[in-house]
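**Q** Here it is, the structure in full.
The values are calculated or read from the model by the stated rules, or taken from the named source; none is laboratory data. Source: prediction; values computed, not measured. Here the Cβ positions follow ideal geometry from the backbone for every residue, glycine too, while neighbour counts run over all protein chains shown.
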């Protein structure tokens, strides 16, 4: 037996870790970040609050709400801690909203800057829902005397309230996780202070150990109509291992969510997409969500130089009639257009030469990159039994590291393989993820964004999402595209540099 | 960029491939095998039919029914091909049963050897259900003139019938997959020849691309009572990637299956458990299933010396009230007791010495091994943030290959890591699988069986299953057990050699 199997968790990267810092994706300047909280458009700016542990070890604990502001969801400016840990407990996940009409009576009067946060206080295993208000546009929050907790059911497993105004019933609706019971509680209120239990949903779908971070949102269907979507994150015990999210499409009548009989859909096929929250204050045709790129299986052990945690890019949310006869969530990265700087638009014809790249491109190492790809792939008779022609995107470097994204034409499946990156190894850090794009061979449409330690991939115009944290020991500075046992035709092949919007050391 | 990313699929094993041949698990002497079919106890013997492609390439195609017989589910004897491909199509998956009363009228009279097979004929994309009878105890089948297909709905996606006699309603019930519609059809018949549509189930749970291989069975609940279980395999698009299975617990009234509101359960947390079929002809307290250890993502490309495909060991099936308040399927390996030959019962105390194994044992290389383990693990303050103490089982060899099974005490999760085995690499061959054992720290109880290219792991007395194909380039001949940042107490540590029951070259 050669040596110990208990391998070091983090390989020391000779290159340092600077290349792992995202340049568009929000990450904390220092400390540990997990769930997005209180996502809000206040009419002028976006607020991104987040679960934050400010310590230098960049691990979870003594959680407060960090805060950043941006006009465009990209150029974030750090703001001071918004909600602190107090004697009443840590400030766990929750939401923010604008109490325009002063329903709560906690403001001087109606106003577009009446910002309310509702969140979970966690102390000694007790979890209940608290309310705080901000009188300064969302920077500082105070908990008004005598009102908190606004909702307490005596539970140790009751968290992550998300509140929105439901116009048809004229009241505020809260969805909140009865986490270990695998139920989502629906509550109603006229004043945000007194909450009436309306209904419960669950157990449904994948249960895992805990339900977390529910979101209920009405989304536009492409081609017309709307439908409600209930998103539930689960941790641990997601089917890909650890943390993951699922959603249900259905109807909400102001009291009860009834899912359509269309089975279960997962939000993401990768290992690292969790706790998505929908931005409050946007109309449904601009519905937007931001998730956390991470997995509790290893998020406190990934390589760190004093910070850990990355958010997804902002994703526009909608619904599309899918091949299964149901509605699938569609996710579009929002607002990238002004940030794109074209690097290459190579015109390539498919080659039959095995093991020779169709194209081989330099990648910038000081910026995020986006690859847009549309192609058809036909298998050749040389394809081995049980597989079709394959197209492989290989992001690599001179050190021999490789990040592979591939497509198999026989089974119409995509894979991501981060196993040949050497910056991080961990028993739960699965290297390979896969997703089946549907039964029919057709044009494959991919959008990949690589930014520091994050890889976001959207396929078929946002119908499939695969998000992965990636830890190359050195920057990935080459992209080669291979075709194996297939004939590819490219409708689009576009490599963009993305302008950096965040300055982090 | 160093070289091509299109790595060879199969690494040539210097050792040869003989060590990959299971010695207890059924595998075909030559050719390609997938789903178990027609599992039947005829009162004396077990019949294992199976999807079989006899060609020397050991890949799928021109499928017929292979056949083996055993008195004990282990000592299988090969029998001739039972159902052949004909001008009417390949013989796809299906079931067998005994028409004791001659309900079909196809036999000379009632009799315990009136064996009927019902299966899918597949030709030119058309799929319908056929019936054949055997007059010689299940060896040879003939399709009686004028009766076939016994069920045809004009579909190209209608397969895998499983039939049983439902005593309360006095008729035969067929469950069959309307595969791409993600529905299970329920049909009833008095004579096995004429089938009446009763109801449909689905879409429910994970849909994937196709539903396949439904099974409906009434199982005993530990402590009393019974409940119906509907098992559905899906491929591709299972949440772990590719092929996988899920089940629903509920009620069946002879016409319709109504699931209990307990959410979705997956049958196995690994990559390689599919198409389980329940053995016909056994009482519920002996309910038994056999699955296929494989995944369509790579099953035709795994290392082969003329054969591919392995069945699970026979698993007794039952239900257990679980911590989620629902019923979980419990799987027990049946019939191992007489095959066990103890190798080692080391008494070990937990050590605090890092990176030194608590014990280091020789493994036989000419037989399957079973490891039975019961332990408590307490984390020590030296555990890094975000993880607990860990116990690691490392099956290795002098070539530096390692198969790791581990447990994290903080999150109560198990992992399997086959990534340090060098006999096979493939983009869809995920190396790491994980499962969460429930919210409470408690005694962990594991049963591992390593037999050639198969690893079956059952945890918590069969409540969790994780099945993985493994391809070491050389035999794994050492087992070391490590504890990291934890203090372990062992209630059981038992290593057994398992007597070989199959002779395959």
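**Q** Go through A:169, A:157 for me and flag whichever is in contact with a helix residue (DSSP H, G or I) (Cβ under 7 Å, 6 or more places away or on another chain) and assigned by TED's automatic domain parsing to the domain that holds residue A:231.
**A** Criteria check complete, one pass: A:157.
**Q** Here's another thing I want to ask about it. Among the listed residues B:214, B:236, identify the single one that is modelled with pLDDT of 95 or more, away from every other protein chain (no Cβ under 11 Å), surrounded by 23 or more Cβ atoms within 10 Å (Cβ to Cβ) and farther than 22 Å from residue B:458 by Cβ.
**A** Exactly one residue qualifies, and that residue is B:214.
**Q** In a loop (DSSP other than H, G, I, E, B), modelled with pLDDT of 95 or more and within 14 Å of chain B (Cβ to nearest Cβ) - does that describe any residue in the stretch A:218-232?
**A** no
**Q** How about the stretch B:112-127: which of its residues are on the phi < 0 side of the Ramachandran plot and without any contact (Cβ under 8 Å) to a residue 60 or more places away in the chain?
**A** Listed by number, the residues that qualify are B:114, B:120, B:121, B:122, B:123, B:126, B:127.
**Q** Within the group A:152, A:160, which residue is surrounded by 23 or more Cβ atoms within 10 Å (Cβ to Cβ), modelled with pLDDT of 95 or more and under 22 Å from residue A:127 (Cβ atoms)?
**A** Going through A:152, A:160 in turn, just one is surrounded by 23 or more Cβ atoms within 10 Å (Cβ to Cβ), modelled with pLDDT of 95 or more and under 22 Å from residue A:127 (Cβ atoms): A:160.
**Q** Could you identify the single residue in B:250, B:316, B:254 that is more than 12 Å from the chain's Cα centre (by Cα), in a strand (DSSP E or B) and surrounded by fewer than 24 Cβ atoms within 10 Å (Cβ to Cβ)?
**A** B:250
**Q** Can you name every residue in the stretch A:474-492 that is surrounded by fewer than 20 Cβ atoms within 10 Å (Cβ to Cβ) and within 20 Å of residue A:411 (Cβ to Cβ)?
**A** Listed by number, the residues that qualify are A:487, A:489.
**Q** Also, I was wondering about something else. Filter the stretch B:319-350 down to residues that are within 14 Å of chain A (Cβ to nearest Cβ) and in a loop (DSSP other than H, G, I, E, B) and give me whichever is surrounded by the most Cβ atoms within 10 Å (Cβ to Cβ).
**A** Among residues in the stretch B:319-350 that are within 14 Å of chain A (Cβ to nearest Cβ) and in a loop (DSSP other than H, G, I, E, B), the one surrounded by the most Cβ atoms within 10 Å (Cβ to Cβ) is B:324.
**Q** Being over 17 Å from residue A:348 (Cβ atoms), within 13 Å of chain B (Cβ to nearest Cβ) and either touching a residue at least 24 places away in the same chain (Cβ under 8 Å) or not in a loop (DSSP other than H, G, I, E, B) (or both), is that true of even one residue in the stretch A:481-492?
**A** Looking for residues that are over 17 Å from residue A:348 (Cβ atoms), within 13 Å of chain B (Cβ to nearest Cβ) and either touching a residue at least 24 places away in the same chain (Cβ under 8 Å) or not in a loop (DSSP other than H, G, I, E, B) (or both), one finds at least one in the stretch A:481-492, hence yes.
**Q** Moving on to the next point. So, residue A:197, is that one more than 22 Å from residue A:288 (Cα to Cα) and assigned to a strand (DSSP E or B) or not?
**A** The answer is yes for residue A:197.
**Q** Take residue A:207 and tell me if it is within 16 Å of the chain's Cα centre (by Cα), within 13 Å of another protein chain (Cβ to nearest Cβ) and closer than 30 Å to residue B:408 by Cα.
**A** Spelling it out, it is not the case that residue A:207 is within 16 Å of the chain's Cα centre (by Cα), within 13 Å of another protein chain (Cβ to nearest Cβ) and closer than 30 Å to residue B:408 by Cα.
**Q** Taking residue A:303 as the residue in question, decide whether it is free of Cβ contacts under 8 Å to residues at least 24 places away in the same chain and either in contact with a helix residue (DSSP H, G or I) (Cβ under 7 Å, 6 or more places away or on another chain) or not assigned by TED's automatic domain parsing to the domain that holds residue A:404 (or both).
**A** Answer is no for this residue.
**Q** Next up: Quick test of your reading of the structure: residue A:378 fulfils all but one of (1) over 25 Å from the mean Cα position of the chain (by Cα); (2) closer than 27 Å to residue A:463 by Cα; (3) facing another protein chain (nearest Cβ under 10 Å). Name the failing condition by number.
**A** Exception for residue A:378: condition (3).
**Q** Continuing with this model, one more query. Can you confirm whether residue B:168 is within 21 Å of residue B:278 (Cα to Cα), surrounded by fewer than 23 Cβ atoms within 10 Å (Cβ to Cβ) and touching a residue at least 12 places away in the same chain (Cβ under 8 Å)?
**A** Yes, satisfied.
**Q** Among the residues in the stretch B:424-440, are any over 19 Å from the mean Cα position of the chain (by Cα) and within 25 Å of residue B:337 (Cα to Cα)?
**A** no
**Q** Still on this structure, I have one more. Quick test for you: out of B:180, B:159, B:171, pick the one residue that is in contact with a strand residue (DSSP E or B) (Cβ under 9 Å, 6 or more places away or on another chain) and under 14 Å from residue B:95 (Cβ atoms).
**A** After applying the criteria, what remains is B:159.
**Q** It is to be established whether one or more residues within the stretch A:404-419 are within 8 Å of chain B (Cβ to nearest Cβ), surrounded by fewer than 23 Cβ atoms within 10 Å (Cβ to Cβ) and more than 21 Å from residue A:268 (Cα to Cα).
**A** no
**Q** Within the stretch B:438-455, how many residues are within 14 Å of chain A (Cβ to nearest Cβ) and at pLDDT 95 or above?
**A** The qualifying residues number 0.
**Q** Could you please let me know if residue A:187 is more than 9 Å from chain B (Cβ to nearest Cβ), crowded, with 20+ Cβ neighbours inside 10 Å and in contact with a helix residue (DSSP H, G or I) (Cβ under 9 Å, 6 or more places away or on another chain)?
**A** no
**Q** Would you be able to tell me the number of residues in the stretch A:289-313 that are part of a strand (DSSP E or B) and within 14 Å of chain B (Cβ to nearest Cβ)?
**A** Result for the stretch A:289-313: 1.
**Q** Something else: Here is a list: A:188, A:146, A:154. Which entry is closer than 19 Å to residue A:104 by Cα and in a strand (DSSP E or B)?
**A** A:188
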